[in-house]
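Participant: Sharing a structure here in structure tokens format.
The values are calculated or read from the model by the stated rules, or taken from the named source; none is laboratory data. None of these values were measured; they are calculated from a predicted model. Virtual Cβ from ideal backbone geometry, glycine too; neighbours counted across all protein chains shown.
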Amino acid sequence: MVMSNETSPDVRDEFHTSFKNKLFMYEITTRQSIVVNKYLKYIDLFMSHLKFNQMKTNLFNALLFGSVMLMILACTSPKGDLTASVWSLVSVRVKGGDKILTPDIDHIPTLKISSNGTISGTTGCNRFIGNVAVTENTLKFGGIVVTHVFCSDAMEIENALLNTFNSVDNYTIENRLLLLKKNSEVYATFQSSLSTR
């Protein structure tokens, strides 16, 4: 769209016609008419200037709003290193203890983090979806919904994994491994599905 510095012709013509009709009523002289016509040009220029300044103000406000939204998204959306892979569980800590569980080869939990802040995956038995908010290296899972299928040989890992999602507050990625942590304590370790990083 092309922006113009000029006032709408309809508005300008209506203003000029009204003003000139009043001049005719008072039968002004030719010299006065020349002065008034100059005055009309100044008014027209002034109105155009106000309109152009309003456009600039609106454009500035739009750019400012867009910049703020980009900053917010950049701060809360998962980064590329988190979203570039489907993560497979290597180990998970049992709640309230030092016991570490490793999944059976046939029931490996997975985690997929999308750039729009949603998550999905499996617990090795049930499927889940939810949300995650990421800022720098901190993260917070929430709104997790899980299907309800009973798997006798996978429920312990499922419970430990869901507890991990509710507990962790930060992460690191090292050598294709995603470490979910609470403070400095590792609760779960996932491996990237990508062959290279």
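Participant: Anything in the range 155-196 that is over 15 Å from THR122 (Cα atoms) and touching a helix residue (DSSP H, G or I) at 6+ places or on another chain (Cβ under 8 Å)? List them, or say none.
Facilitator: TYR171, ILE173, LEU178, LEU180, LYS182, TYR187, listed by residue number.
Participant: Of everything in the range 163-197, what is surrounded by fewer than 16 Cβ atoms within 10 Å (Cβ to Cβ) and farther than 18 Å from THR83 by Cβ? Give them in sequence order.
Facilitator: Matches in the range 163-197: ASN166, ASP169, ASN175, LYS182, ASN183, SER184, GLU185.
Participant: Still on this structure, I have one more. Would you point out which residue out of ILE108, ILE157, ILE144, ILE100 is surrounded by 19 or more Cβ atoms within 10 Å (Cβ to Cβ) and either modelled with pLDDT of 95 or more or not hydroxyl-bearing (Ser, Thr, Tyr) (or both)?
Facilitator: Exactly one residue qualifies, and that residue is ILE157.
Participant: Of everything in the range 111-130, what is farther than 15 Å from LEU178 by Cβ, hydrophobic (A, V, I, L, M, F, W, C) and buried (at least 16 other Cβ atoms within 10 Å of the Cβ)? Give them in sequence order.
Facilitator: CYS125, PHE128
Participant: In the range 154-165, is there at least one residue being of a type outside the set (Gly, Ala, Ser), assigned to a loop (DSSP other than H, G, I, E, B) and either under 24 Å from GLY96 (Cβ atoms) or within 26 Å of the chain's Cα centre (by Cα) (or both)?
Facilitator: Within the range 154-165 (the criterion being of a type outside the set (Gly, Ala, Ser), assigned to a loop (DSSP other than H, G, I, E, B) and either under 24 Å from GLY96 (Cβ atoms) or within 26 Å of the chain's Cα centre (by Cα) (or both)), the answer is no, since none of the residues qualifies.
Participant: Residues in the range 86-97 that are surrounded by fewer than 20 Cβ atoms within 10 Å (Cβ to Cβ) and either under 23 Å from the mean Cα position of the chain (by Cα) or farther than 19 Å from LEU194 by Cβ (or both): how many?
Facilitator: Residues that pass the stated criteria total 6.
Participant: Would you call ALA133 assigned to a strand (DSSP E or B) and either surrounded by fewer than 17 Cβ atoms within 10 Å (Cβ to Cβ) or at pLDDT below 95 (or both)?
Facilitator: yes
Participant: Among ILE108, ILE173, which is the only one that is in contact with a Leu (Cβ under 7 Å, 6 or more places away or on another chain) and within 14 Å of GLN191 (Cβ to Cβ)?
Facilitator: Testing whether each residue is in contact with a Leu (Cβ under 7 Å, 6 or more places away or on another chain) and within 14 Å of GLN191 (Cβ to Cβ) leaves just ILE108.
Participant: Moving to a separate point now. For the range 76-129, give me every one of the strands (runs of 3 or more DSSP E) that falls completely inside it and has 1 or more residues that are without any contact (Cβ under 8 Å) to a residue 12 or more places away in the chain.
Facilitator: Once the strands (runs of 3 or more DSSP E) in the range 76-129 are filtered for at least 1 residues that are without any contact (Cβ under 8 Å) to a residue 12 or more places away in the chain, what remains is 118-122.
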